[in-house]
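See structure below.
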Amino acid sequence: MKISHKSFQYTLLFFALLITPCWAKDQSSVESSTRGVTVVSQNPQEIFPISGEYWALIIAIDKYKNFPPLRSATKDAQALKDVLHERYGFSDSRIEMLVDKEATRSNIEGALIQMGKKTKPDDNVLIYFAGHGEYNADSTLGWWVPVDADPENPGTYILDAVVRNYVRSMRAQHVYLVADSCFSGNLFASNRSLSPISDQFYSKLQAKRSRWGFTSGNLEPVSDNGLNGHSVFAYYFIKFLKENTSLYVVPSEIANHVIPLVANNSAQMPRSQPLQAANHEGGQLVLRLTEALVNALEENRRLEMEASKKDEEQQQQEARIRKRLQDLEAELAAARKGSNLTSQEEAKLRKQLRQQEGLLKQVEEERKNRIALQKQLEAQKEEETKIRARLQDLEAQVDAKPQKSEPEKFDYFFGGGF
């Protein structure tokens with residue numbers, strides 16, 4: 001198929017639009033954007049300064065010493081680390097990972113203590129825990145279960161109230177605690193309905209101190225099984241962070257999106273609200289996209305606007321050509337009817353008609369080529385998505401080890417009702 005110069009240019013434009021990665025990252029931009037960052041509102045007239053650093057403590061345990069192993073916790077943790085670094089500007093040097101054998105009780109509590117010491121009053125902290133949990137209905141006590149915990153001795157667990165106390169004592173402005181295990185409901189404070197999110201509201205949320213929690217369940221067991229090798233909760237939580245295109249987002253918005261998806265696809269009901277008695281003062285941690293990602297999104301929007309403008313211009317050109325064809329045909333018919341058209345004049349009109357028909361055919365061919373290329377690229381992206389999903393399934397199958405006793409029962413031991 002022969003493609004005109006204009007068609008080729010337009011094809012390149014659409015190709016750039018479709019393949020420009022929204023996850024594109026510039027390492028220097030990521031590193032430099034973590035201090036003294038200014039979040040730009042969707043209204044360019046307004047800006048919201050975010051001083052301080054972004055820190056993360058990510059804890060995940062699959063290989064327990066004295067408890068049944070889990071299958072997705074460490075994979076969830078790595079995926080979360082990647083998205084925080086690539087899309088939200090968390091520096092690798094400020095993301096601490098405690099995985100499997102490193103996630104002992106002393107290491108977890110030590111990391112929480114150190115996080116409180118090294119963060120400054122204007123910093124932001126995200127804490128993530130994925131592993132077993134326990135809950136005692138009689139005493140209404142809940143625990144995180146570290147890798148070295150003894151099931152015969154609950155004193156080797158980490159009491160949820162202790163975790164809350166560590167969070168409360170941190171100097172950071174905002175702490176966002178995310179637990180993919182059942183979490184004791186008494187950690188949450190009662191919470192009035194929030195005001196609608198607006199540009200001004202983001203600024204107010206950032207200015208007020210916060211201690212916010214997000215858990216994969218309340219007092220019910222939560223599943224270790226999920227989608228693409230992740231738990232149900234982690235899959236939708238990380239998926240939202242990957243696909244979000246808002247310049248900034250807060251925990252209540254994340255919860256509003258994630259909770260219905262988890263509830264509709266599992267037997268668990270996540271909770272998200274302020275932590276009880278943890279010095280929460282009404283704010284929320286504001287996650288913001290990295291400078292490189294914002295630039296990529298803006299470039300995508302610019303290309304979309306250019307493509308839309310070209311499409312509109314092409315439609316207008318096509319309409320003008322069709323109108324000229326109608327005028328020429330009417331002129332030719334009128335001249336024939338009056339019998340005052342010479343053969344030379346008729347030949348001239350017919351030549352003009354052929355020229356306009358040729359132009360119309362060229363415009364229609366360009367549109368057809370553009371649509372065909374767009375469909376081809378969309379099909380390639382769909383195929384790539386399927387291949388990646390298949391690879392993730394294969395990786396999960398390789399990582400999964402056969403359970404020797406009651407595997408179905410332990411699917412719902414993840415969190416253990418904690």
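Tabulated data for the structure shown
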{"item": "Matching residues, the stretch 134-161, being part of a loop (DSSP other than H, G, I, E, B) and closer than 13 Å to F67 by Cα", "result": "V145, P146, V147, D148, A149, P151, E152, Y157"}
{"item": "From the options L275, L287, residue that is touching a strand residue (DSSP E or B) at 6+ places or on another chain (Cβ under 6 Å), aliphatic (A, V, I, L, M), surrounded by 15 or more Cβ atoms within 10 Å (Cβ to Cβ) and over 19 Å from K239 (Cα atoms)", "result": "L275"}
{"item": "Looking only at the stretch 346-373, and only at residues there that are polar (S, T, N, Q) and either closer than 16 Å to Q326 by Cβ or out of contact with any helix residue (DSSP H, G or I) (no Cβ under 6 Å at 6 or more places or on another chain) (or both), the one that is surrounded by the most Cβ atoms within 10 Å (Cβ to Cβ)", "result": "Q356"}
{"item": "Some residue of the stretch 240-263 being farther than 28 Å from S181 by Cβ and either modelled with pLDDT under 80 or among the β-branched types (V, I, T) (or both)", "result": "yes"}
{"item": "Residue check, V162 open to solvent by less than 20 Å² (accessible area, probe 1.4 Å) and either at pLDDT 90 or above or under 17 Å from F129 (Cα atoms) (or both)", "result": "no"}
{"item": "Residues within the stretch 91-133 that are assigned to a strand (DSSP E or B), touching a residue at least 60 places away in the same chain (Cβ under 8 Å) and farther than 16 Å from A73 by Cβ, tallied", "result": "3"}
{"item": "Residue, nearest to N124 (Cα to Cα), within the stretch 62-91, restricted to residues that are more than 18 Å from the chain's Cα centre (by Cα) and open to solvent by less than 10 Å² (accessible area, probe 1.4 Å)", "result": "A73"}
{"item": "Among the residues listed as N244, N256, the single one being open to solvent by 20 Å² or more (accessible area, probe 1.4 Å) and not β-branched (V, I, T)", "result": "N256"}
{"item": "Options Q268, Q344; residue that is assigned to a helix (DSSP H, G or I) and either in contact with a Phe, Trp or Tyr (Cβ under 8 Å, 6 or more places away or on another chain) or modelled with pLDDT under 85 (or both)", "result": "Q344"}
{"item": "Failed item in (1) within 30 Å of the chain's Cα centre (by Cα); (2) surrounded by 19 or more Cβ atoms within 10 Å (Cβ to Cβ), with A149 passing the rest", "result": "(1)"}
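The values are calculated or read from the model by the stated rules, or taken from the named source; none is laboratory data. No experiment lies behind these values; they were computed from the predicted model shown. Note: ideal-geometry Cβ built from the backbone for every residue, glycine included; neighbour counts use all protein chains shown. Just the protein is used for accessible areas: all its heavy atoms, side chains included, with ligands, DNA and RNA removed. Shrake-Rupley method; radii C 1.70, N 1.55, O 1.52, S 1.80 Å.
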